[in-house]
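Asker: Okay, here's the structure, questions in a sec.
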Amino acid sequence: MFAVITDIHGNYPALRAALQAIDESGVDRIFCLGDMIGIGPDSNEVLHMLFARNDISMITGNHDEAVLALLNGDEYPISHLHVRSHHEWIASRLEESLIQKLNTLPRAIKFRQEALDVLMIHYHINQEKSKEHISKDPFSSVVEPSLPNLVELFSDRQENLICFGHHHPSHYFANHDHTFLNPGSLGCYDKPAARFALVHIAEGQSRIELKEVKYDNTEFLKSYSKLEVPDRDFILKIFHGNQLR
């Protein structure tokens with residue numbers, strides 16, 4: 001059994017709560033599907049917690065790669081210009097040792113388990129764009145969660161179990177050939193709960209459990225104002241449902 005988490009978005013208390021629940025479930029491995037940073041202010045705390053463990057495999061998402069583009073002196077994606085000042089703030093606070101580790105992460109993980117081919121990716125990327133820099137906007141446009149939409153989106157992929165994030169609502173759809181799993185954003189939610197998924201694979205079949213664990217997010221949400229996070233009013237409304245009202 002393994003766990004899938006994604007889109008932590010700099011929310012340390014949510015990650016801490018989720019990992020505690022995951023550890024209690026007895027998984028063998030945890031896969032983290034990108035966007036560990038961006039939006040929330042706890043970049044260093046989140047990354048230290050993730051990199052300190054040897055049972056977590058990580059890939060990069062668009063926010064991670066956009067921040068790295070700034071730090072590495074690379075071209076920044078035009079599609080992200082509306083959040084550039086926010087990403088610059090995130091980049092300015094990121095510890096050098098963590099920058100080096102982020103730069104080593106892959107974009108995708110593939111493996112075979114119990115006759116199932118499994119893909120871990122932040123979101124769909126056309127395979128001819130798999131090596132393109134984030135400035136070229138390699139990730140596909142988001143589609144509404146439905147089985148037909150996901151079948152079409154991932155029509156160039158042959159894997160049986162496709163796990164992804166990026167789009168913050170949870171997704172769980174399956175047909176005879178494919179299972180599509182997005183546990184939902186762990187760190188961005190309109191209630192004080194952290195989401196993750198547990199995946200059981202046996203005899204060539206997968207069984208998915210979508211989970212969420214409650215945590216106290218009051219001080220975390222207040223920290224946006226205390227730290228003067230750029231775009232904080234927009235973030236608190238859109239990504240956290242104005243829970244401080």
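What follows draws every value from the coordinates through simple rules; no lab data is involved. Every value quoted in this text rests on a predicted model; they were computed, and no experiment measured them. Here Cβ is always computed from backbone atoms with ideal geometry, including for glycine, and neighbour counts include all displayed protein chains.
Asker: Taking θ = phi - 60°, what integer Hz values does the Karplus form 6.51 cos²θ - 1.76 cosθ + 1.60 yield along the range 186-200, in sequence order, with x for Gly and Pro?
Answerer: After applying 6.51 cos²θ - 1.76 cosθ + 1.60, I find 6, x, 10, 7, 8, 8, x, 8, 10, 9, 7, 10, 10, 10, 10 Hz.
Asker: If you add up the charges near G61, with Lys and Arg at +1 and Asp and Glu at -1, over every other residue whose beta carbon is less than 12 angstrom from its beta carbon, what do you get?
Answerer: So the surrounding residues net to -3.
Asker: Summarise the long-distance tail of P(r) for the range 121-241 by giving the % of C-alpha pairs beyond 17 Å.
Answerer: Tail of the P(r) past 17 Å holds 64 percent of the pairs.
Asker: Could I ask something else about it? What residue among K136, K191, K226 has the largest mean-square fluctuation in a Gaussian network model of the chain, using Cα springs under 10 Å?
Answerer: K226
Asker: Here's something else I'd like to know. Using alpha-carbon pairs under 8 Å, 6+ residues apart, how would you state the relative contact order of the range 2-238 in percent? Provide the component values of the computation, followed by the final result.
Answerer: Details: 465 pairs, mean separation 58.7, N = 237.
This gives 25 percent for the range 2-238.
Asker: Where the only charges are on Cβ atoms (+1 Lys, Arg; -1 Asp, Glu), what is the dipole of the chain about its Cα centre, to the nearest 20 debye? Show your work: numbers first, answer last.
Answerer: On the way: 23 positive and 34 negative charges, 72 e Å.
Dipole magnitude for the chain comes out near 340 debye.
Asker: OK, next. Provide the packing ranking of 117-123, 68-74, i.e. peptides ordered by the mean count of other C-beta atoms within 10 Å per residue, highest first.
Answerer: Averaged packing, sorted descending, gives the order 117-123, 68-74.
Asker: Which whole-Hz ³J(HN,Hα) couplings does the range 119-131 yield from phi under the Karplus relation 6.51 cos²θ - 1.76 cosθ + 1.60, θ = phi - 60°, glycine and proline marked x?
Answerer: Going residue by residue, I get 10, 10, 8, 5, 6, 4, 10, 4, 4, 6, 9, 4, 9 Hz, with x marking Gly and Pro.
Asker: Have a look at I201, I30, I59 and tell me which one the Gaussian network model of the chain (Cα, springs below 10 Å) gives the largest fluctuation.
Answerer: Taking springs between Cα atoms under 10 Å, the residue moving most is I201.
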